[in-house]
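The structure under discussion appears below in the form of structure tokens.
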Amino acid sequence: MNALDYGIVALYIGAMIWLGVRFKKNAARGDYFLGGRTFGWFPLGMSTMATQLSAVSFVSAPAFVGLRKGGGLQWLTFELGVPLAMIATMTLIGPMLHRSGVVSVYSFLEQRFGRESRLLLSALFLVSRAFAAGVYTYVIGLVLSSILHVPFWETMLVLSAVTIVYSLEGGLKAIVYSEVAQMTIKFLGIVTIVVSALYYIGGWQGFLSHLDRSRLRVIDFGNWGFDGREYGFWPMLLGGLFLYASYYGTDQTQAQRILAARDQATVTRLLMFNGLFRFPVTLAYCFGGLVLGAFALSDPGFSRQIPSGKPDLMIPLFIGGYLPHGVVGVLVVALIAAWMSAYSSALNSLTAVTMEDFIDRRLRTPAHRYVPYSKAVLLSWGVVTIICGFFSSRIAATAIEAINKIGSLFYGPILGIFLLAAVRWIVPAAANVAVIAGVSVNLLLCLFFKDVFWFWWNAIGGVTTLLTGAALSLLLPAPAAIGQGQTPVPNPPFPWHESAALLIFFVCMLAFCLLLPRMF
């Protein structure tokens, strides 16, 4: 990088800090964590997608497709459960969350099952999200240290500090509006990388001549994921249904967007937006991985630069070694933008849950002290996640697998207890035992049943929670209803048109994935 590149990066970082200061007037909890519940579907949809398609996706999904041993376009099966999960979220979880008026999604569980459920789920979220945020910091430190040629720990600390500053000052408004820009930047970034790699490899024909065709297979109906093999159709579809319904509907980082929507129609539209547009963006990332993988086969010099066991460095090394100055600066900004979108959302949601479910419950924080206390908590979580980042490289071969592996321990059981909350005869004690049983089963699978593909944990943990909660509720005496006397709010009409569109899109995705190997 030269002065031009550094200037572009400095300009972007300055803009992010300015954005935080711009929304500094968020003085109440509803403003700081939910933006005053005034957002429309487009900024929320872009923000939701930007948080999910982070720097980890930007560098790690292409690395899996183009370079990782055993990888390839089978990564696209990760997306098959998304449209189906959006139907479940917009019909079962989204409406009851939005009308609850809560700030932390886990405080909704207190209305149904009592304080113990709220604290239990909040604790599970804090543990899983803190480690996931640690993976985010590890990735950006690893990636930028390879481009900037500065120590790994320096890049982690500097960029984490900048993100913490604008998250501290601006709250959710600063995060959402920054993520609209960040989503645009990173999509243009991956397009630039693909075009540049095609140029170096000799165009489309050069790409086809060096393409590893073993990486073109997407769908494997015969792989059930119980014999040590990974990324088969059935575990990815069924596990993905549980994972994405839980992630978008019950994980504070994403469900916070549902709570911040101005009305129920906005909730439906933002989920519809993500159900339809995630796949094209992920496809662009995966195609970028194919092109760069082919370039690595055509250029032994580039291939030798990528350290063994660190395929995530494929994109940053290409940016730093093969692109002109100015473009390098823009793509470094794309990487930083991709990382900031996920990391800032994680910090904000960790802070919201800590304040709402732990600190404010005990201290009854005065209104004028709520935001200052929140900023202190956010700063603390920033320190914790940076520390976690130094230990996250040992979890999986690529960072994107590490994040999803962590989440898969908890997503199914968490979704299970939210679904149990919609059933009137479920007993609170049964629901609490059920979610513990679901997580425990997943931990046993993780420790002792290595042949079970970890994506199954989402479905197995979810089904275990549902069955355990239902069975125990039939055995235990029903207590007095928690929240009795509240005026029931009618459910919104079933979104028939949106659900039909998502089902049709799922069929189109499946057909495209089956035909994709024949297109090259």
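Looking across the stretch 89-106, the residues that are closer than 23 Å to W381 by Cα and at pLDDT 85 or above come down to V105, Y106.
A quick yes/no check of all residues on (1) in contact with a strand residue (DSSP E or B) (Cβ under 8 Å, 6 or more places away or on another chain); (2) more than 30 Å from F108 (Cα to Cα); (3) at pLDDT 90 or above; (4) acidic (D, E):
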{"site": "M236", "(1), (2), (3), (4)": "no, no, yes, no"}
{"site": "G239", "(1), (2), (3), (4)": "no, no, yes, no"}
{"site": "Q252", "(1), (2), (3), (4)": "no, no, no, no"}
{"site": "R278", "(1), (2), (3), (4)": "no, no, yes, no"}
{"site": "A296", "(1), (2), (3), (4)": "no, yes, yes, no"}
{"site": "L313", "(1), (2), (3), (4)": "no, yes, no, no"}
{"site": "F318", "(1), (2), (3), (4)": "no, yes, yes, no"}
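Would you pick out the residues in the stretch 81-127 that are polar (S, T, N, Q) and over 19 Å from G45 (Cα atoms)? Matches in the stretch 81-127: S100, S104, S107, Q111, S117, S122. Give the residues of the stretch 467-520 that are modelled with pLDDT of 80 or more and outside any helix (DSSP H, G or I), sorted by residue number. Hits for the stretch 467-520 are L476, P477, P493, F494, P495, F520.
Of the numbered criteria (1) crowded, with 20+ Cβ neighbours inside 10 Å; (2) in a helix (DSSP H, G or I), the one V127 fails is (1). Among the candidates V433, V384, the residue that is assigned to a helix (DSSP H, G or I) and touching a Ser or Thr at 6+ places or on another chain (Cβ under 7 Å) is uniquely V433. The listed residues are I164, I147, and the only one of them that is in contact with a Pro (Cβ under 9 Å, 6 or more places away or on another chain) and over 30 Å from F242 (Cβ atoms) turns out to be I147. The sole residue among R257, R262 that is more than 21 Å from L502 (Cα to Cα), touching a strand residue (DSSP E or B) at 6+ places or on another chain (Cβ under 9 Å) and not small (G, A, S) is R262. If I filter the stretch 503-520 down to residues being of a type in the set (A, V, I, L, M) and more than 23 Å from the chain's Cα centre (by Cα), which single residue comes out as surrounded by the most Cβ atoms within 10 Å (Cβ to Cβ)? So the residue we want is L516.
Filtering the stretch 195-208 to residues that are in contact (Cβ under 8 Å) with a residue 40 or more places away in the chain and either hydroxyl-bearing (S, T, Y) or within 12 Å of F520 (Cβ to Cβ) (or both) leaves S196, Y200, F207, L208. Figure legend. Inter-residue proximity from the stretch 438-455: first residues under 23 Å from I417 (Cβ atoms), second residues outside any helix (DSSP H, G or I) and of a type in the set (S, T, Y), beta-carbon distance below 8 Å, spacing 6+ or different chains. Indicated pairs: F455/Y231. When every residue of the stretch 282-291 is checked against the conditions, none turns out to be modelled with pLDDT under 90, hydrophobic (A, V, I, L, M, F, W, C) and either more than 24 Å from W457 (Cα to Cα) or crowded, with 23+ Cβ neighbours inside 10 Å (or both). Every residue in the stretch 221-237 that is under 25 Å from the mean Cα position of the chain (by Cα), touching a residue at least 12 places away in the same chain (Cβ under 8 Å) and in a loop (DSSP other than H, G, I, E, B), please. Selection gives G225, R229, E230, Y231, G232. Go through the residues of the stretch 448-471 one by one and say whether even a single one is surrounded by fewer than 19 Cβ atoms within 10 Å (Cβ to Cβ) and either touching a Ser or Thr at 6+ places or on another chain (Cβ under 8 Å) or acidic (D, E) (or both). Yes - at least one qualifying residue is present in the stretch 448-471.
Condition check ((1) of a type outside the set (A, V, I, L, M, F, W, C); (2) farther than 30 Å from G288 by Cβ) across all residues:
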position	(1), (2)
L347	no, no
R364	yes, yes
V383	no, yes
G389	yes, no
G416	yes, yes
L420	no, yes
A430	no, yes
A437	no, yes
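Might you let me know whether the stretch 297-317 holds any residue that is buried (at least 24 other Cβ atoms within 10 Å of the Cβ) and over 30 Å from A15 (Cβ atoms)? Yes - at least one qualifying residue is present in the stretch 297-317.
Test I93 against the stated conditions and say whether it is under 21 Å from T282 (Cβ atoms) and of a type outside the set (S, T, N, Q). When the stated conditions are applied, I93 does not pass them.
Screening the candidates A342, A397 for the property of being part of a loop (DSSP other than H, G, I, E, B), small (G, A, S) and either surrounded by fewer than 18 Cβ atoms within 10 Å (Cβ to Cβ) or modelled with pLDDT under 80 (or both) yields one hit, A397.
Evaluating G321 against the criteria (1) more than 29 Å from R115 (Cα to Cα); (2) in contact (Cβ under 8 Å) with a residue 40 or more places away in the chain; (3) surrounded by fewer than 19 Cβ atoms within 10 Å (Cβ to Cβ); (4) of a type outside the set (D, E) leaves one unmet condition, (2). Is it the case, given these coordinates, that M86 is at pLDDT 90 or above, of a type outside the set (D, E) and part of a helix (DSSP H, G or I)? Spelling it out, M86 is indeed at pLDDT 90 or above, of a type outside the set (D, E) and part of a helix (DSSP H, G or I). Here is the figure for the stretch 89-117: residues that are of a type in the set (A, V, I, L, M, F, W, C) and not in a helix (DSSP H, G or I) total 2.
The values are calculated or read from the model by the stated rules, or taken from the named source; none is laboratory data. Because the structure is a prediction, the values reported are computed rather than measured. Quick reminder, even Gly has a Cβ in these numbers, built from the backbone with ideal geometry, and neighbours come from all protein chains shown.
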